[in-house]
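Read the structure below first, then the notes.
Rule-based calculations on the coordinates, nothing more; no lab input. These numbers were taken from a predicted model, which means no experiment stands behind them. Neighbour counts run over all protein chains shown; Cβ positions are idealised from the backbone, glycine included.
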Amino acid sequence: MGEVYLAQHPRLPKQVALKTLPVEWSADEEYRARFTREADLASTLWHPNIVGVYDRGEADSHLWISMDYVDGVDASRLLADRFPAGMPTEDV
């Protein structure tokens, strides 16, 4: 849910992934609650294979989540390359 951008942390010398919720979805209370819950739950997890969440907030009517940036291919590209016709239902 949302779009992810590579961003420069405003105060630290590091890059982060910045996930945003589109403005049209940010106006919907259910989407806002789901997005906020995603950030809150993810922030409680720590594991080497899980992206860490630093912060969440709102700017110019956009909800955002700041998280670890992981260089490489995104999951949607990996799945599209492995399953060009879509993942078989039994594998989902």
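What the table below lists for this structure:
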quantity: Matching residues in the range 50-68 - criterion: being in contact (Cβ under 8 Å) with a residue 24 or more places away in the chain and within 15 Å of TYR31 (Cα to Cα); calculated: GLU58, SER61, HIS62, LEU63, TRP64, ILE65
quantity: Subset of the range 8-24 (residues that are surrounded by 13 or more Cβ atoms within 10 Å (Cβ to Cβ) and either more than 24 Å from ILE50 (Cβ to Cβ) or more than 17 Å from the chain's Cα centre (by Cα) (or both)); calculated: PRO22
quantity: Count of the range 55-75 residues which are crowded, with 16+ Cβ neighbours inside 10 Å and not basic (Lys, Arg); calculated: 7
quantity: Close pairs from the range 8-29: first hydroxyl-bearing (Ser, Thr, Tyr), partner assigned to a helix (DSSP H, G or I), Cβ under 7 Å, at least 6 apart; calculated: SER26/ARG32
